[in-house]
Amino acid sequence: MGAVMGTLTMQAKTRRLSRDKTDDDLEITMVCHRPEGLDQLEAITNFSKRELQVLYRGFKNECPSGVVNEDTFKQIYSQFFPQGDASTYAHYLFNAFDTAQSGSIKFEDFVAALSILLRGSITEKLQWTFNLYDVNRDGYINKEEMTGIVRAIYDMMGKYTYPALKNDAPKQHVEAFFQKMDKNRDGVVTLDEFILSCQEDENIMRSLQLFENVI
């Protein structure tokens, strides 16, 4: 679960704080996609106008067109994990951000997800994480989906981790996950089972609080 919070490393790229005075709206000249106004974004997220301005500058710096396709997202995300291959995990993460399944992430998509991960309630954070694991979006997490995610996380961590990871580590991780989460032993994990199990785990609860005040 803690590895899932690696999602938030995207935040590092958006924290290039500018101390210049700013207007009351986003600087959005010369971009292909114009994001919603500050008032709208402030109303649907847990960020202030000032925070949205800072986040947008970081987003626009990396994505001048105003949208991010999957290849660009992978390139940006992989910079944080040079010791491994983050491309597969970035693929899953991209799909979780791209809720409309449009093939691109707009600034609105980015800040909506970030708002949940940084400032959302425990339930909202767990729902978002469940959706990340529920790759085919059928409302359940099965072992195949979970194995794909876990292998992607291990690939992202790289082969130089200490202690060295065993080849059967992903399988063991998935089995432990289902032993804990699959309350009725039907082979899949529902959202209710996932939330209940996470709420019973003190380590998971602590990890969900780590990034609340990073901006």
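Determine the pairs where a residue that is more than 15 Å from Ser115 (Cα to Cα), located within the range 33-46, has a partner that is open to solvent by 70 Å² or more (accessible area, probe 1.4 Å) and modelled with pLDDT under 95 with Cβ atoms under 7 Å apart, the partner being 6 or more residues away or on another chain.
Gly37/Asp25
Consider Arg137 carefully, then state whether it is among the charged types (D, E, K, R) and on the phi > 0 side of the Ramachandran plot. Let's see the steps before the verdict.
On the way: among the charged types (D, E, K, R): yes; on the phi > 0 side of the Ramachandran plot: yes.
Yes.
Counting just the residues of the range 33-60 that are among the polar types (S, T, N, Q) and either within 15 Å of Lys106 (Cβ to Cβ) or at pLDDT below 90 (or both), which one comes out surrounded by the most Cβ atoms within 10 Å (Cβ to Cβ)? Let's see the steps before the verdict.
Let us first name the residues in the range 33-60 that are among the polar types (S, T, N, Q), namely 40, 45-46, 48, 53.
Right, trim to either within 15 Å of Lys106 (Cβ to Cβ) or at pLDDT below 90 (or both) and you get 40, 45.
Numbers: Gln40: 11, Thr45: 21.
The selected residue is Thr45.
Let me spell it out: the conditions are (1) without any contact (Cβ under 8 Å) to a residue 24 or more places away in the chain; (2) surrounded by 16 or more Cβ atoms within 10 Å (Cβ to Cβ), and Gln75 meets all of them except one. Which number is the exception?
Result: Gln75 passes all but (2).
I'm trying to understand the selection: among the residues of the range 60-92, which are within 22 Å of Thr129 (Cα to Cα) and touching a Phe, Trp or Tyr at 6+ places or on another chain (Cβ under 7 Å)?
Glu70, Phe73, Ala86, Ala90, listed by residue number.
Failed condition for Ser102, given (1) open to solvent by 50 Å² or more (accessible area, probe 1.4 Å); (2) small (Gly, Ala, Ser); (3) in contact with a Pro (Cβ under 9 Å, 6 or more places away or on another chain), with all others met?
Looking at each condition in turn, Ser102 falls short on (3).
Residue under question is Ser18, and the condition is that it be at pLDDT 60 or above, farther than 23 Å from Val135 by Cα, surrounded by fewer than 14 Cβ atoms within 10 Å (Cβ to Cβ) and more than 14 Å from the chain's Cα centre (by Cα); does it hold?
In short, no.
Residues being surrounded by fewer than 21 Cβ atoms within 10 Å (Cβ to Cβ), under 16 Å from Ser197 (Cα atoms) and of a type in the set (Val, Ile, Thr): count how many of those fall in the range 105-146.
Of the residues in the range 105-146, 2 are surrounded by fewer than 21 Cβ atoms within 10 Å (Cβ to Cβ), under 16 Å from Ser197 (Cα atoms) and of a type in the set (Val, Ile, Thr).
Which residues, counting only those in the range 117-141, are among the hydrophobic types (A, V, I, L, M, F, W, C), more than 14 Å from Leu93 (Cα to Cα), modelled with pLDDT of 95 or more and touching an Asp or Glu at 6+ places or on another chain (Cβ under 8 Å)?
Ile141
Considering only residues that are farther than 20 Å from Arg151 by Cα and surrounded by fewer than 14 Cβ atoms within 10 Å (Cβ to Cβ), which ones fall in the range 166-195?
Selection gives Lys183, Asn184, Arg185, Asp186, Asp192.
The values are calculated or read from the model by the stated rules, or taken from the named source; none is laboratory data. It should be emphasised that the depicted structure is a prediction, and the values quoted were computed from it without experimental measurement. All Cβ positions, glycine included, derive from the backbone under ideal geometry; neighbour counts span all protein chains shown. Heavy atoms of the whole protein, side chains included, go into the accessibility calculation; ligands, DNA and RNA do not. Shrake-Rupley method; radii C 1.70, N 1.55, O 1.52, S 1.80 Å.
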